[in-house]
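What follows is calculated from the coordinates using simple rules that are stated; it is not laboratory data. Quick caveat, the model's predicted, so the values are computed rather than measured. With ideal geometry, Cβ positions are generated from the backbone for all residues, glycine too; neighbour counts draw on all protein chains shown.
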């Protein structure tokens with residue numbers, strides 16, 4: 001088994017597809033530590049009636065529970081869509097050293113507010129499986145309009 | 001009973017004092033709708049090992065549960081310390097129309113990143129019971145250093 005950005009982004013895409021099945025905006029995330037997934041999440045804003053129930057928030061809380069530590073040292077978060085300001089700030093608080101995302105979000109992505117929202121030492125990798133991540137969102141919004 | 005900014009900030013201060021008793025950074029919040037408190041929270045980051053467990057996040061999730069709606073229309077959030085970027089963004093997602101805070105946070109307050117983090121129509125009131133809110137935090141950090 002070869003681990004790669006694409007390998008783990010596919011896992012985040014699986015999470016996004018669970019969201020799609022439940023008529024949630026299809027966004028998924030996983031937290032990886034030493035090539036092991038230690039937290040997962042998909043967007044559950046509608047199901048939980050909770051604006052904070054973004055994929056990243058659920059994945060990071062679940063990873064922190066797994067580690068028994070609020071800091072996600074040596075972890076990477078993979079998420080299908082660029083994090084919003086809330087999630088970027090939460091990831092900043094967690095001191096996670098790497099964030100990998102699929103497609104950009106020109107409406108709500110944190111980079112359109114401030115790149116300072118994430119931790120200054122956090123490495124950002126973007127554009128991994130961008131087409132697949134983006135296509136899932138397009139399908140969802142097209143279905144909403146039809 | 002006269003309701004005022006000060007009245008509800010005192011309630012947020014009560015929450016902050018619960019945090020202090022549990023050796024958490026003393027920050028408290030309440031969500032008010034038609035002069036009724038429908039959500040409360042105090043900082044529980046250490047207790048829950050969860051960087052997202054800020055007073056505002058707990059209070060807003062609790063208020064949304066109470067209302068059965070993810071949008072906090074006609075509500076006001078009172079919090080003893082200026083919200084951080086994560087909480088300001090979460091409050092933005094909730095579309096809450098008013099935020100009242102006690103003391104500013106020059107290190108982590110959202111206004112030092114971008115005032116665009118809250119909803120554009122959200123009214124901000126600051127400096128309510130500022131001395132009490134600030135004193136509680138000073139006590140806590142002094143005790144930590146001693």
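See the values below:
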read-out	value
Choice from B:78, B:42, B:66 showing the highest fluctuation, given a GNM over chain B with Cα pairs closer than 10 Å	B:66
Cα centroid separation, segment B:40-84 to segment A:6-78 (Å)	21 Å
Cα-based equivalent ellipsoid, the protein assembly as shown: semi-axes from gyration tensor eigenvalues, Å	33, 22, 16
Label-point separation, residue A:145 to residue A:114 (7 Å along Cα→Cβ), nm	3.4 nm
Cβ-vector label at 7 Å, residue A:74, separations to other copies in nm	5.2
Label distances, nm, residue B:97 versus same residue in remaining copies, Cβ-directed 7 Å point	4.8
Candidates A:90, A:19, A:131: whichever shows maximal mean-square fluctuation once chain A is modelled as a Gaussian network with Cα springs under 10 Å	A:131
Span per principal axis, largest first, for the Cα atoms of segment B:1-102 (Å)	32, 30, 22
Relative contact order for chain B, counting Cα pairs under 8 Å that sit 6 or more residues apart, in percent	21 percent
Segment B:55-146: C-alpha gyration tensor shape, a/c 1.5 cut-off, then a/b vs b/c	prolate
Segment A:7-63 shape via C-alpha gyration tensor axes, a/c threshold 1.5	oblate
Copy-to-copy label separations for residue B:7, where each label sits 7 Å from Cα toward Cβ, in nm and ascending	6.1
